[in-house]
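Trainee: This structure is in structure tokens; I'll ask about it shortly.
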Amino acid sequence: MKFSKKSLGQNFLNDKNIIKKIISSTYIKGRHVIEIGPGEAALTTEILNQKPESLTVIEKDNNLAKKLKIKFSNYKKIKVYNDDILKFNLEKILNENCIIFGNLPYNISSQILVKIIKFKNWPPKFTDLILMFQKELAEKITGKHLTKNYGRLSILTNYRLNVLKKFTVSPNCFFPKPKVTSMVIHFKPKIQNLYNIKKIDMLEKITNIFFSNKRKMINKNIVKLLKEKEINKISDLKMNLRPADLKPETYFKITEIYEKK
């Protein structure tokens with residue numbers, strides 16, 4: 001019998017076809033794999049079937065972590081951490097060319113994504129990042145410029161990650177059944193960038209400043225950040241625009257100039 005904890009946002013994936021679809025997103029054999037929130041190990045078991053070089057799982061729930069350690073005690077390739085992913089130093093345990101999977105708890109999924117985007121070393125050691133989100137959030141992450149889902153999260157994501165593919169997952173594929181549809185997104189890190197932002201925190205700060213008043217024109221906020229001659233260096237920047245009118249590249253350029261101050 002499966003018992004999920006609402007406080008941890010637990011919904012266990014149990015649809016074999018969806019599990020196989022997630023696993024087949026990338027080639028696993030002989031590679032290092034990390035799984036965030038393995039839960040009842042439905043995905044974990046399938047990952048092991050693909051013969052990875054190693055598998056590291058991070059599970060916050062004490063009881064589930066104990067079960068995982070018992071279940072996989074005969075597997076030398078697997079390491080189980082009973083830890084909170086938001087406090088865990090994920091970057092430290094990465095191996096070159098590794099894959100990160102995660103059926104993320106809805107309540108902290110955006111925080112987990114931002115934590116990964118803000119890794120100190122970039123390009124990172126992982127080559128594939130395959131995560132499941134609530135569909136509504138997934139659409140904000142992948143929101144294109146001039147669409148209703150475009151905003152802080154899509155700009156931040158766009159700076160460091162490419163979206164390779166995505167697909168939706170019905171609530172019927174989980175226990176307990178969530179009230180929302182989910183979406184799996186396969187990201188790949190951007191190796192090179194036209195813009196040289198030294199601290200990703202600065203991009204986060206600037207998008208927060210603009211989008212905290214997203215219905216207002218940018219004129220008041222931009223003069224707090226840049227001088228007139230610096231503003232004039234940015235092409236297509238008009239003072240009567242609103243935050244959602246600016247392309248991601250404009251935010252990258254504003255951040256780049258702001259960092260030099």
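The values are calculated or read from the model by the stated rules, or taken from the named source; none is laboratory data. The model shown is predicted, which means the values in this text are computed figures rather than measured ones. Heads up, the Cβs are rebuilt from the backbone with ideal geometry, glycines too, and the neighbour counts pull from every protein chain shown.
Trainee: State all residues of region 129-143 that are of a type outside the set (Val, Ile, Thr) and not in a helix (DSSP H, G or I); if no residue qualifies, say none.
Mentor: Leu129, Leu131, Met132, Phe133, Gln134, Gly143
Trainee: Tell me the residue from Phe88, Phe3 that is in a loop (DSSP other than H, G, I, E, B), aromatic (Phe, Trp, Tyr) and modelled with pLDDT under 95, please.
Mentor: From the options Phe88, Phe3, the qualifying one is Phe3.
Trainee: Now for a separate question. Has region 144-157 got any residue that is farther than 21 Å from Ser24 by Cα, surrounded by fewer than 15 Cβ atoms within 10 Å (Cβ to Cβ) and touching a residue at least 40 places away in the same chain (Cβ under 8 Å)?
Mentor: Checked region 144-157: at least one residue is farther than 21 Å from Ser24 by Cα, surrounded by fewer than 15 Cβ atoms within 10 Å (Cβ to Cβ) and touching a residue at least 40 places away in the same chain (Cβ under 8 Å).
Trainee: Would you confirm whether any residue within region 125-136 is in the same structural domain as Tyr27 (by TED's automatic domain parsing), modelled with pLDDT of 95 or more and within 22 Å of Tyr251 (Cα to Cα)?
Mentor: So far as region 125-136 goes, no, none of its residues is in the same structural domain as Tyr27 (by TED's automatic domain parsing), modelled with pLDDT of 95 or more and within 22 Å of Tyr251 (Cα to Cα).
Trainee: So Thr44 clears everything in (1) closer than 28 Å to Glu139 by Cα; (2) assigned to a loop (DSSP other than H, G, I, E, B) except one condition, right? Which one?
Mentor: In the conditions (1) closer than 28 Å to Glu139 by Cα; (2) assigned to a loop (DSSP other than H, G, I, E, B), Thr44 misses (2) alone.
Trainee: With the requirement that a residue be surrounded by fewer than 17 Cβ atoms within 10 Å (Cβ to Cβ) and either over 19 Å from Lys76 (Cα atoms) or among the hydrophobic types (A, V, I, L, M, F, W, C) (or both), what does region 24-38 give you?
Mentor: Ser24, Tyr27
Trainee: Going through Asn121, Asn213 one at a time, which residue ends up being assigned by TED's automatic domain parsing to the domain that holds Ala244, more than 13 Å from Pro248 (Cβ to Cβ), without any contact (Cβ under 8 Å) to a residue 60 or more places away in the chain and not charged (D, E, K, R)?
Mentor: The match here is Asn213.
Trainee: How many residues are surrounded by 15 or more Cβ atoms within 10 Å (Cβ to Cβ) and outside any loop (DSSP other than H, G, I, E, B) if we restrict to region 55-81?
Mentor: So the answer is 15.
Trainee: If you don't mind, another one. Within region 220-229, restricting attention to residues that are under 32 Å from the mean Cα position of the chain (by Cα) and in a helix (DSSP H, G or I), which residue is nearest to Tyr258 (Cα to Cα)?
Mentor: Leu225
Trainee: Given the condition modelled with pLDDT of 95 or more, assigned to a loop (DSSP other than H, G, I, E, B) and in contact with a Leu (Cβ under 9 Å, 6 or more places away or on another chain), answer yes or no: does some residue in region 155-177 qualify?
Mentor: No, region 155-177 contains no residue that is modelled with pLDDT of 95 or more, assigned to a loop (DSSP other than H, G, I, E, B) and in contact with a Leu (Cβ under 9 Å, 6 or more places away or on another chain).
Trainee: Out of Leu94, Leu90, Leu13, Leu86, report the one residue that is aliphatic (A, V, I, L, M) and surrounded by fewer than 15 Cβ atoms within 10 Å (Cβ to Cβ).
Mentor: Leu86
Trainee: Something else about it: Would you confirm, using the coordinates I've provided, whether Leu146 is in the same structural domain as Tyr27 (by TED's automatic domain parsing), modelled with pLDDT of 95 or more and not in a strand (DSSP E or B)?
Mentor: Taking the combined requirement at face value, the residue satisfies it.
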